[in-house]
Each structure stands twice: as structure tokens, then as C-alpha cells.
There are 2 protein chains.
Amino acid sequence: MLYIIGLGLGDEKDITLRGLEAVKKCENVYIEAYTSLLSFGISSDGLSNLEKLYGKPVIVADREMVEEKADSMLSQARDSDVAFLVVGDPFGATTHTDLVVRAKEIGVEVKVVHNASVMNAIGVCGLQLYRYGETISIPFFTETWRPDSFYEKIKRNRDLDIKVKEPSLESLCRGKKIYEPPRFMSIGTAIEQLLEVEQKCGQSAYSEDTLCVGFARLGSEDQIIVSGTMKKLQTVDFGDPLHCLAIVGETHPVEAEMLQFYAVNE
Amino acid sequence: MLYIIGLGLGDEKDITLRGLEAVKKCENVYIEAYTSLLSFGISSDGLSNLEKLYGKPVIVADREMVEEKADSMLSQARDSDVAFLVVGDPFGATTHTDLVVRAKEIGVEVKVVHNASVMNAIGVCGLQLYRYGETISIPFFTETWRPDSFYEKIKRNRDLDIKVKEPSLESLCRGKKIYEPPRFMSIGTAIEQLLEVEQKCGQSAYSEDTLCVGFARLGSEDQIIVSGTMKKLQTVDFGDPLHCLAIVGETHPVEAEMLQFYAVNE
């Protein structure tokens, strides 16, 4: 059996009782290292917090391992219980669909233990989850690569008067085996790039006066949530990753009232 | 302190360690009774599963209590720790923003413990969460009230080629104090109503041949996920609530492959 277990957003205490029970009976425990593991204390002192809680070693599976060595993990899962831990929810901001497909193809049973993801926890700012439009991912611009395909999506969402979530994840390298050290998109950089693209495309999808909500380390003890115009949010120090940004559409009175509590301090 | 704690989607074991820790130190524990508590064993044998786990009584707060007696709960929270438990995530399919606004207005501190919600757990079917459009809620039709305002939203989403989630929740009573016993919208009834509205509006937003995914009891041990056309899903017995339905747009190859595993058995 392969257990794919969401760890939630904060630290080792955000696992569910069901998830912890599954980890405890697994012979091998892997953790996906794609996304931020900082708050789980993994980069600083090994995996100690998780390993202490689980009472067993945890193997960090980097991108290459998940993509190329999934077969060996899956063949272990054929004869014993294997846990694959994922920050957030297994099917949240990144997808593990491919792993599930491969497991099912070779007849390995898969159980998913869900948890909070940035995709639903973002509701804490008071903007109704029902009314969000499609989510956009903003890559880091380079000297020669400044894609603006996300602009059309934002424009469409803005025209429909719904909100756009923009999880600002690390830039993804494609087609090469040497991975850059992970870089995390900050709200400041995201807004800078958004405004550059608006200036280039010029369809008034948004402006520096557009109301947004910035989130850092959502679901952690030290999370920051601030609402304000793009211009104002650029002056806020959101600190460590992960950051994400919601562009606000028309608001319901209760939504507006809630955003007031998060308004940028002037 | 008011703790608003998500219980997740399955049963009492889906609470997080952080959530359980908070419940244990709270003097008063309330649970919201709006949504389905069936799987938590609440309607059948009181609150025994939850109360056994927590080691203390749990007060079921029905709709009237949450709306009208929130003040007394909030004044308790001023002087002691109070837990308010919510199935799923506190800001998932229903919103508790109003409660938070009232708490903040009278200076009561609020802490939110996130958990899985149908809004992210639906990703388990393999359709990328990023690409979902706005969510639609379908009310029960009556003899004289057959609203079709959701049709425009589905049409828009279909035109944009994104998916529509349709959590089929109980019909909401507005403006009266005598509440109907909760009724839960089934996938069969939802599709029947969708097709009726398509026939009336006639803009080919979808048809009985449109690919969908039906979900029942998402996140529970006995969850059911089936993909197929609307026509085929109408023949499936999804069993007990809660049900929800995704209308599928254009799929990526991995998404399509994953949906195959859930294809309706013929």
C-alpha cells in the first residue's frame, strides 16, 4: 500500500491523526522535497521534528528521485506499507497525479490522507472560496524570458469579476538535470512583474491601485496576511516564503469588512 | 481565545494534532451542525466518537445558535479558551467570516486551525486544482422556484474551458425561523436539474454527453469517485451524502489517464 499523506501547512503538528497512524505503520517513509520544507525544520536540523514525532527515519525524496526512482518506491509499496509525505495537500498546489497513475498501472493500492492546502486555507482572509477564478503561477523573469501568458487569464477573471489566486512558487526548470537552488517568488517581485506586464499589454486588467491580499507562510504560527493596493503591498516586508497573492474582485459587505482587519498599516 | 478548528472530511481521526491540542485545552467545545455530521457518528450515537477522543462534552450549535447566540459564545471566549469545530475547513464550502468579524469587533482573539476541505480534496480525481473555475451551488427546485442563475456561470466556465465544481449542499432556507430538516442534493438530482436548465436556456453550455466526475463522501473511508457522461452518472448509486460534481473541461493527458481509473463500470 502506498499512503500519500498531506502534512498541512504549518509544522509537524499539522498532520492528522489518520495520517500519523498511517506513517507509524509504514516501513519506509519518504518526504517530497519540491516545496518549502523550511517551516518543518527540515533544512536546519535534518528531519528531527518529523522523525521524533514518527519515531522512525524519513527519507527526503528530491525531484529527481520522485521522477526517476518512483519505480523502486512503488515496488516497495507492493510488498509493504510505504508513506509518501507531501507538504499541504497531496493534490493541492502541485499534483501527484502522475505517481498515482503509475501506482495504479502496476496494481499498487493507493490511499490518500488529505490535509489543508494553500488552495483552501487562503479562505481565511474572508474572500469566499466559491468565487475564486482560475489560479495563476508567475515564473521568475530572466533577461531574455519574460512570459506574459498569465495576463490573459487575469484579464478574463477580472472581467468576470472574480478573484485570482497566484501562488508564487519557485521557478520550475524544464528539460535539464542540473537544478537551480530553489528560489521563492516574493509578493514584491510578483507585483513588480505584474505591473511590467500590464504596462506592456495595456488592457487595464489591473493597476497599482488594484486591491489585493498578500499572504506569507499561510497556516504557520507566524503567518502574515495584509490587504492593500498593489502599490502599498510592495512596501510590506512579508519575510520568509511561501508567498501568495489574491487579486480582489467585487466584494460582499462581510468580505469587505473582513479585509479591513487585514488592511496595511499606515 | 476563540479557536475555529477544521475537522477534515472523514471522521474524528481527521483532526490535526494541532487541532486536538487546542480542543483539549478549551473549556467549552461547540460543533457547527449546518453541514453533514453523519460520518462523525453524531446523528446516530450522540457525539460519542468525538467526545471520547476529546475527553469532554461537545455542544452541537445549530444554525440558530450560531447566528443568534454567537455573542454568548464570544463572551466566553473573552475570558477562557473556546473551540468552535467545523467539518472540513473553517473557510471551505461554508464561510465563518461573519463569526470572525464579530469576534474581532469585540476584541476576542481568533486562531484558525486549517484542515482539508472539499474545495481542495476534490483534486484527488486528478483534475488540476489550478484550473477550476468559479464554484456553483445548485438549490433544490420546487414547483414554483426553479432558479437558473448558475447556468450563466457554468456557460462562462465552459467557454473558458475550465472546470466547474458544484458542491451540492442542502437547500438553504432564507428569512424564516422554522428550518426544514436538512435535505442533501444528490448527483442524480443535480444532473436532472442541470439538464432541465440547459433545455430551457438552450445555449449548449453542456449536454447529457458532457464528461463529469461525481464524488460522494469525499475524504471518508467509503468515498466514491466515478467519471462518466452526465447520462451515465445518472445511473450510478452514489449512496449517502455529501455529493459533489465536477464538469470536466479540456484535459491534459495525465488528467485523462487518471479519469480513466474512475470511469463508470459498464
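Just so you know, all these numbers are worked out from the coordinates, no wet-lab data involved. All values reported here derive from a predicted model rather than from experimental measurement. So basically every Cβ, Gly included, is an ideal-geometry build from the backbone, and we count neighbours across all protein chains shown.
Note the distances from A:G188 to each other copy's matching label point, with points 7 Å along the Cα-to-beta-carbon direction, in nm, sorted shortest first.
When each copy's label point is compared with this one, the spacings are 5.9 nm.
Give me a single rounded figure for A:2-14: the average over its residues of other chain Cβ atoms within 10 Å of their Cβ. Could you put the intermediate results ahead of the total?
Details: counts 0, 0, 1, 0, 5, 1, 9, 1, 4, 2, 2, 7, 7.
For peptide A:2-14, the averaged partner shielding equals 3.
Apply the Karplus parameterisation 6.51 cos²θ - 1.76 cosθ + 1.60, with θ equal to phi minus 60°, to every residue of the stretch B:229-246 and state each ³J(HN,Hα) to the nearest whole Hz, in sequence, with x for glycine and proline.
Here the 3J(HN,Hα) series is 5, 3, 4, 5, 5, 5, 8, 8, 8, 7, x, 4, x, 8, 10, 8, 9, 10 Hz.
Once the Cβ-Cβ distance between A:E67 and A:A263 is put in as r, and R0 is 41 Å, what FRET efficiency do you end up with, to the nearest 0.05?
Working: r = 43 Å, r/R0 = 1.05.
In this case the efficiency is close to 0.40.
For a protection proxy built on the mean count of beta-carbon atoms within 10 angstrom, sort B:187-196, A:246-255 highest first, please. List each step's numbers first, then the result.
On the way: B:187-196: 19.7, A:246-255: 16.9.
Descending mean neighbour count gives B:187-196, A:246-255.
Could you order the peptides A:203-210, B:115-122 from most to least packed, using the average number of other C-beta atoms within 10 Å per residue? If you can, show how the numbers build up before the last one.
On the way: A:203-210: 15.4, B:115-122: 29.8.
Most protected by this proxy first, the peptides run B:115-122, A:203-210.
What is the extension gain from B:V60 to B:N28, computed as 0.36 nm multiplied by their sequence separation minus the C-alpha to C-alpha distance, in nm to one decimal? Kindly include the intermediate steps, with their values, before the conclusion.
Values: separation 32, 0.36 × 32 = 11.52 nm, distance 1.13 nm.
Here the answer is 10.4 nm.
Going down the list A:K25/B:K56; B:K56/B:K104; A:K24/A:K111; A:K25/B:K25; A:K163/B:K163, which pairs span over 21 Å between their C-alpha atoms? The partial results should precede the final answer.
On the way: A:K25/B:K56 29 Å; B:K56/B:K104 27 Å; A:K24/A:K111 15 Å; A:K25/B:K25 29 Å; A:K163/B:K163 16 Å.
Violating the 21 Å limit, Cα to Cα: A:K25/B:K56; B:K56/B:K104; A:K25/B:K25.
Let me know the shape class of the stretch B:119-261, please: from the alpha-carbon gyration tensor, a ≥ b ≥ c as square roots of the eigenvalues, rounded when a/c is under 1.5, otherwise prolate if a/b is greater than b/c, or oblate. Please report the intermediate quantities before stating the final value.
On the way: a/c = 1.76, a/b = 1.27, b/c = 1.38.
Oblate, since a/c reaches 1.5 and b/c is not below a/b.
Within 10 Å of each Cβ in peptide A:19-32, how many partner chain Cβ atoms are there on average? Round it to a whole number, please.
1
Using only the Cα atoms of the stretch B:198-264, build the gyration tensor, take square roots of its eigenvalues as a ≥ b ≥ c, and label the shape rounded, prolate or oblate: rounded if a/c is under 1.5, else prolate if a/b is larger than b/c, else oblate. Don't skip to the answer; put the middle values down first.
Values: a/c = 2.22, a/b = 1.30, b/c = 1.71.
Verdict is oblate for the stretch B:198-264.
On average, how many beta carbons from a partner chain sit within 10 Å of the beta carbon of a residue in A:208-218? Write out the running numbers ahead of the final one.
On the way: counts 0, 0, 0, 0, 0, 0, 0, 0, 0, 0, 1.
For peptide A:208-218, the averaged partner shielding equals 0.
What residues qualify as long-range amide H neighbours of A:I31, i.e. H under 5 Å apart, gap of 5 or more or another chain, H built at 1.01 Å from N?
Those lying under 5 Å, H to H, from A:I31 are A:I59, A:V60, A:A61, A:L85.
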